[in-house]
Amino acid sequence: MNSIKSHKDLHIWRKGMDITEAVFRLVKSFPKEEKDILINQMKRCALSIPSNIAEGFGRNSNRSFIYFLAIARGSLYELETQLLLAERFRYITDDKLMHAILLQIQEEGKMINAFSKTLH
């Protein structure tokens, strides 16, 4: 990690930011009655991914970083579950964006797992 000067240098952080942006775009088309429940929860999960990666990096300890990466990974899979539920409820109007987000989630999970192993 010596060449990494900031959390912004991490590909996993940038991918998390991309996922968050895509989720915020996707939920704009959800029914208004979901605003207080599913939309807010999905936004919190999405925000949690890059936020926890940044916080873990900022702790300046591999042990802490691994812990926060695990939280980010948990938020990632929680978000995936919520997206799949939204699809079941037929709230998803942009199938292409939904598919892209699910692929990003899968890739991000693999990247977090691989990066976490380098910190042990």
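Values in this text are rule-based calculations from the coordinates and carry no lab data. From a predicted model like this one, the values you see are computed outputs, not experimental measurements. Neighbour counts are summed over all protein chains in view; Cβ atoms, including those assigned to glycine, are modelled from backbone coordinates with ideal geometry.
A few notes on this one:
- Cα convex hull of the range 1-106 - mean projected area over all directions, nm²: 6.5
- All-pairs Cα distance distribution in the range 1-56, expressed in whole percent, bin size 5 Å: 4, 20, 25, 17, 13, 9, 6, 3, 2, 0
- The chain - mean residue ellipticity at 222 nm from DSSP helices (-39,500 (n - 2.57) per run, n ≥ 4, rounded to 500): -25000 deg cm²/dmol
- Counting Lys and Arg as +1 and Asp and Glu as -1 over every other residue whose Cβ lies under 11 Å from the Cβ of residue 7, the net charge comes to +2.
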